[in-house]
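Read the structure below first, then the notes.
What follows is calculated from the coordinates using simple rules that are stated; it is not laboratory data. Note that the structure is a prediction, hence the values are computed from the model and not measured. Here Cβ is always computed from backbone atoms with ideal geometry, including for glycine, and neighbour counts include all displayed protein chains.
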Amino acid sequence: MELKVFESPGKEWDDFASRYTDLIFYQSIWSEVLRKGLAGQPLYFYLKEGEEIVAGLPGVLLNFRVIKILYASIPYGNFIGQKSRFPVFTELLENEFRRRRIDQVRITECPFFESYGPRSFTSESSKCSLLNLEKFDEGKIREGYRSEVRRAIRKAEANGLSVKRVTSRDAAKIFYRLYLSSMKRNRAAAKYPLRWFETLLEVLAPVGRADIFFAVKGSEWAAGVVLISSSTSNHYLHNGSNEAYLGSRPNDLLVDRIIQESVQEGKRTLDFMGSDAHDLALLRFKEKWGSQSVDHHTYVKDYHPLRCRLWEVSRRWARSKIGRGLSRWVQN
């Protein structure tokens with residue numbers, strides 16, 4: 001068996017990956033999103049036995065100057081292939097990580113299939129919420145909601161909000177402003193640059209894999225959701241909103257529209273993505289639609305502990321009041 005790496009994955013990788021998952025995050029087109037949107041270097045590791053790929057791990061290497069971190073894809077990246085090969089594959093990978101002088105590796109569980117966590121890695125826990133769309137009857141979807149959800153949707157409509165689906169380049173700029181507004185309100189650092197949202201639309205929208213849904217009132221943009229599409233599931237990747245309109249419940253109107261369209265498309269699952277296990281308000285919002293939240297783990301290993309400690313200190317500083325203020329000043 002031999003360990004190899006695709007830096008520009010294509011048909012050979014896609015043929016292998018499609019035997020184990022239909023998620024877009026494991027396909028080569030997603031590597032272009034990571035390359036262009038985050039300035040990352042895709043590294044799709046695979047184990048070959050003869051002429052056959054028997055195991056794989058998609059990844060992207062992000063170089064933050066002081067530290068190089070390999071993310072086993074974003075948002076999900078875990079081992080796929082023949083499970084019996086994973087221990088050997090992991091051992092070879094560890095040597096390859098060291099050879100490439102990678103400082104930290106982060107491997108995230110995928111909630112759509114049984115994931116593998118290497119024993120030498122530590123675990124960070126969060127929650128992931130999945131909504132089973134097969135329980136809804138097309139044409140009677142709102143009847144399946146809880147009464148509080150129906151009231152919220154009626155309030156949004158009574159306040160003159162409607163939903164607009166936009167995939168132009170301008171949509172990314174509009175959404176980015178809403179995203180920054182939400183990050184400021186939540187006292188969180190804005191992790192993703194404008195280029196990330198532009199790339200999602202440039203690469204994925206032409207093949208029907210990305211949309212931005214906006215809740216609007218006249219010419220005002222109240223809230224938005226970036227939706228990414230896999231074959232049998234849709235992924236609620238990002239949300240942003242204008243605080244002035246939150247009382248009109250734009251996010252409830254958006255989720256209703258996304259559920260309606262997802263059911264019409266024959267999707268089986270709406271993936272609300274990961275959440276901090278301590279963010280109870282966000283979890284309640286996701287679960288009120290009937291989604292189930294499950295434990296979700298990221299497996300982490302530091303190959304250069306000192307650099308990783310310094311990186312963690314800098315991240316905590318960035319999340320501080322001063323750090324957030326400086327970040328907003330730079331972005332503006």
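Think of each Lys and Arg Cβ as +1 and each Asp and Glu Cβ as -1; about the Cα centre, that makes the dipole of the chain roughly 1620 debye.
At 1.002 mPa s and 20 °C, plugging the Kirkwood radius over alpha-carbon pairs of segment 11-53 into Stokes-Einstein gives what diffusion coefficient in µm²/s? Answer, rounded: 190 µm²/s. The alpha carbons of segment 107-189 stretch over 55, 35, 27 Å along the principal axes, in descending order. Taking the Cα centre of segment 129-293 as origin and assigning +1 to Lys and Arg Cβ atoms and -1 to Asp and Glu Cβ atoms, the resulting dipole is close to 400 debye.
In terms of Cα atoms, the Rg and Dmax of the chain work out to 20.4, 64 Å. In this structure, the pairs whose alpha-carbon distance is over 22 Å, taken from K127/K288; K127/K301; K140/K267; K127/K173, are K127/K173.
Applying a length cut-off of 30 Å (Cα extent along the axis) and a mean Kyte-Doolittle floor of 0.0 to the DSSP H helices of the chain leaves no helix.
Normalising the Debye intensity of segment 129-293 to I(0), with uniform scatterers on Cα atoms only, and taking log10 at q = 0.12, 0.13 Å⁻¹ returns -0.50, -0.60. Close lysine pairs were tallied over segment 1-88: pairs 8 or more places apart or on different chains with Cα atoms under 25 Å apart number 9. Within segment 1-87, the trypsin sites (Lys or Arg not before Pro) that combine a DSSP coil assignment with at most 16 other C-beta atoms in a 10 angstrom radius are R19, R65.
From the alpha carbon centroid of segment 40-66 to that of segment 162-222 is 29 Å. In the chain, a dipole from Cβ-located charges (positive for Lys and Arg, negative for Asp and Glu) runs towards its positive end, and of S8, S129, G208 it is S129 whose Cα lies farthest in that direction. Note that segment 2-120 shows a convex hull volume over its alpha carbon atoms of 98 Å³ per residue. Packing here is the average count of other Cβ atoms within 10 Å per residue, and on that basis the peptides 220-230, 170-180, highest first, run 220-230, 170-180. Would you work out the Kirkwood radius for segment 263-320? I mean one over the mean of 1/r across all pairs of different Cα atoms, in Å. Its Kirkwood hydrodynamic radius stands at 14.8 Å.
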